[in-house]
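The values are calculated or read from the model by the stated rules, or taken from the named source; none is laboratory data. Here the structure is a predicted model, which means the values were calculated and not measured. Here the Cβ positions follow ideal geometry from the backbone for every residue, glycine too, while neighbour counts run over all protein chains shown.
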Amino acid sequence: MIIQRVLLIRHGQTDWNMEGRWQGCLPVPLNDIGRSQARALGEYLRGRPIRAIYSSDLPRALETASLVGDALGVTPTPDQRLREFHLGVFAGYRRDELAALYPTEWEAFQTDRWNYVIPQGESRRALQARMYAAWQDITTNGHGPEVALVSHGGGLSLLLQKLFGETPELQNVRLENTSVTTIERDGDGWRLAEIAAVSHLATITEIPVSGDVHSPPDNQSL
């Protein structure tokens, strides 16, 4: 059955999210709150016609996808293209640390926003291209009516920009941990049905907010 709806899901919380450390492609695991968030999301989505879950293969995303999949009876399919920004030498540091340790590279990263390649990493344009390639494959070849993509704040933000451009609804939107952005088929294209929903987190006593480590358009903790 053709895919009618795609749920873009950010992974659950990690300790590094709360410390404001840029994780990139490092194998940082969920913390206990992140696991609770993922289980709550799984219960919230239970009964939905989600036929497949595609996930970044990084531990924090794949564990989120697995916990959601446990509730849905769906085994996630890992896809390296859904990984977070490959941050190279920037990975593992906070924003203030980067400005001090790599002042030249940090300045270039801020000024040449799309094309600057972080040493030992990649550019925003490269990240967006691989996220969009995964999107095209999944929405063309996947089985619907609904599928879920579990990925990361930076990658999902750039994918949304590719799909919808400078849509006002996306300006300054935060994709919190386990937030769900719903995209629905609209004729030959797609439309935003819901952005960064977190109502499932109401079941969790404490709902922490991850540290914001950089300004839009990359307004997520990486």
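Considering the stretch 64-76, and only residues there that are of a type in the set (Gly, Ala, Ser) and without any contact (Cβ under 8 Å) to a residue 40 or more places away in the chain, the residue that is surrounded by the most Cβ atoms within 10 Å (Cβ to Cβ) turns out to be GLY69. Here is the figure for the stretch 149-201: residues that are more than 14 Å from the chain's Cα centre (by Cα), at pLDDT 95 or above, within 24 Å of ALA129 (Cβ to Cβ) and of a type in the set (S, T, N, Q) total 0. Considering the conditions (1) assigned to a loop (DSSP other than H, G, I, E, B); (2) within 13 Å of the chain's Cα centre (by Cα); (3) modelled with pLDDT of 95 or more, GLU122 is excluded by exactly one of them, (2).
Restricting attention to the stretch 165-179, the residues that are touching a helix residue (DSSP H, G or I) at 6+ places or on another chain (Cβ under 6 Å) and either free of Cβ contacts under 8 Å to residues at least 40 places away in the same chain or on the phi > 0 side of the Ramachandran plot (or both) add up to 2.
Residues in the stretch 125-143 that are within 12 Å of PHE85 (Cβ to Cβ) and either not in a helix (DSSP H, G or I) or not charged (D, E, K, R) (or both): ALA126, LEU127, GLN128, MET131. Among the conditions (1) surrounded by fewer than 18 Cβ atoms within 10 Å (Cβ to Cβ); (2) at pLDDT 95 or above; (3) polar (S, T, N, Q), THR205 misses just one, which is (2). Looking across the stretch 24-44, the residues that are touching a residue at least 40 places away in the same chain (Cβ under 8 Å) and under 29 Å from HIS143 (Cα atoms) come down to CYS25, GLY34, SER36, GLN37, ALA38, ALA40, LEU41, GLU43, TYR44. Yes or no: ASN141 in contact with a helix residue (DSSP H, G or I) (Cβ under 7 Å, 6 or more places away or on another chain), surrounded by fewer than 20 Cβ atoms within 10 Å (Cβ to Cβ) and modelled with pLDDT under 95? The answer is no for ASN141. Looking across the stretch 77-104, the residues that are in contact (Cβ under 8 Å) with a residue 24 or more places away in the chain and of a type in the set (S, T, N, Q) come down to THR77, GLN80.
Yes/no per residue for (1) crowded, with 18+ Cβ neighbours inside 10 Å; (2) in contact with a Cys (Cβ under 9 Å, 6 or more places away or on another chain); (3) at pLDDT below 95:
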site: ARG48; (1), (2), (3): no, no, no
site: TYR54; (1), (2), (3): yes, no, no
site: LEU62; (1), (2), (3): yes, no, no
site: ARG83; (1), (2), (3): yes, yes, no
site: LEU87; (1), (2), (3): yes, yes, no
site: ALA91; (1), (2), (3): yes, yes, no
site: LEU98; (1), (2), (3): yes, no, no
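The set of residues in the stretch 4-13 being in contact with a Pro (Cβ under 7 Å, 6 or more places away or on another chain) and in a loop (DSSP other than H, G, I, E, B) consists of GLN4, GLN13. Inspect the stretch 60-80 for any residue being of a type in the set (Ser, Thr, Tyr) and in contact with an Asp or Glu (Cβ under 6 Å, 6 or more places away or on another chain) and give the result as yes or no. Checked the stretch 60-80: no residue is of a type in the set (Ser, Thr, Tyr) and in contact with an Asp or Glu (Cβ under 6 Å, 6 or more places away or on another chain).
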